[in-house]
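Below is one structure, written out as structure tokens; the observations come after it.
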Amino acid sequence: MHKKISIIIPIYNVEKYLKRCIDSIVNQTYKNTEIILVNDGSPDNCGKICDAYAKNDSRIKVIHKENGGLSSARNAALDIASGEYIMFVDSDDWISENSLEQLNEYIDMDYDIINFKFSFVKENSKELIETHNGIKDSYECDLITYIDKLFSGELNFFIWNKLYKKSLFDEVRFPEGRNYEDLATIYKLYFNAKSIIVTDYTLYYYWLGNSNSITSNSTVKNMTDYLLSTKEIYEVNKNYLQINKIDFSNVDTWYKMMIIQLLINYTKSTYKDDDLKREIISELKSSKARISAVYKQGKIIKYALYKSRLLIPIIKLKKSLAKEGTR
């Protein structure tokens with residue numbers, strides 16, 4: 001008998017795409033699932049769509065709640081989830097029909113976290129743009145190796161391209177009221193895990209067409225929350241490696257790259273906040289020697305060019321740092 005998997009879908013204002021998402025889960029070849037649809041106060045017809053699916057499939061549970069954000073919706077579902085494993089799917093994305101069946105061999109082996117690959121998809125199509133990550137074979141990870149691969153960029157901090165044993169969430173919930181909640185939650189899960197497997201299956205399809213998504217809007221709140229979550233995961237992981245006398249250079253370099261990208265986003269954004277700008281620059285200045293070392297290696301320039309496709313923000317950044325340094 002297959003172990004029960006609770007699939008959590010937070011839903012807000014995605015009427016146009018919701019059926020595609022739900023259909024991909026309802027039609028899984030792996031049938032022992034609990035599908036929790038959380039209508040997070042959506043102003044469109046999402047609530048009605050959820051109820052219609054629930055009438056036709058006893059595995060579906062629907063939660064209707066006031067809008068509280070992504071973390072609040074996921075937490076509401078976690079509170080009632082009864083599966084031995086948890087999976088998160090965003091409501092404008094989808095998974096392949098045999099996703100859970102392919103992961104079943106690792107579920108049977110009782111892994112705490114099962115990591116899988118995903119693909120970006122263009123708007124209104126299933127044309128793959130890029131498959132992540134460059135994993136060629138499945139392999140087990142101890143905690144130190146997993147941290148190293150996360151901060152070196154081989155793996156990622158997304159919450160939705162992994163399957164989790166539910167017990168990992170016994171004392172863990174997403175921070176409500178904060179965006180970029182994945183960063184503030186994922187490290188708590190892998191620190192709780194006793195066994196991790198990284199698979200080479202591409203099972204999740206991330207749709208790039210939603211221009212209203214959190215990650216596509218550089219508002220002051222988004223940038224502030226990004227800084228808060230990034231700093232939190234950086235400090236926790238760096239401290240853990242330091243205590244265990246393990247090299248943390250990957251963590252250091254990752255953090256500085258994230259802050260560089262945040263400042264680039266700030267300079268390009270129409271939203272301005274002097275306190276936020278000062279905090280970003282303060283984080284960069286706090287370890288100026290390490291920034292210079294990475295800069296000379298060309299890593300930050302390569303990273304910023306890859307992310308922004310612009311050289312101008314890098315020039316502005318260098319001038320800004322120089323100006324701040326004279327004050």
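The values are calculated or read from the model by the stated rules, or taken from the named source; none is laboratory data. These numbers come from a predicted model, not from an experiment. Glycine also receives a Cβ, built like all others from the backbone with ideal geometry; neighbour counts cover every protein chain displayed. All accessible areas refer to the heavy atoms of the entire protein, side chains included, with ligands and DNA or RNA removed. Shrake-Rupley method; radii C 1.70, N 1.55, O 1.52, S 1.80 Å.
What to note about this one:
- Here the extension length gained between Asn98 and Lys55 equals 13.1 nm, from 0.36 nm per residue of separation less the Cα-Cα distance.
- A straight line joining the Cα centroids of the range 244-273 and the range 1-53 runs 35 Å.
- Sorting Ser218, Ser91 on solvent-accessible area from highest to lowest, probe radius 1.4 Å, gives Ser218, Ser91.
- Backbone N within the range 223-267 under 14 Å of label point (7 Å from Ile144 Cα along the Cβ vector): 240-249
- Links that overshoot a 29 Å alpha carbon limit, given the list Lys231/Lys272; Lys31/Lys65; Lys194/Lys245; Lys16/Lys194: Lys16/Lys194
- Taking the Cα centre of the range 1-116 as origin and assigning +1 to Lys and Arg Cβ atoms and -1 to Asp and Glu Cβ atoms, the resulting dipole is close to 400 debye.
- Over every Cα atom in the range 1-76, the radius of gyration and the widest Cα-Cα span, Dmax, amount to 12.0, 40 Å.
- Exposure of Val26 as accessible area (Å², to 10), given a probe of 1.4 Å and all protein chains: 30 Å²
- The trypsin sites (Lys or Arg not before Pro) of the range 192-275 meeting both criteria, a DSSP state outside H, G, I, E and B (loop) and at most 14 other C-beta atoms within 10 angstrom of the site's C-beta, are Lys194, Lys245, Lys272.
- Arg278 accessible area, assembled protein chains, probe 1.4 Å, Å²: 140 Å²
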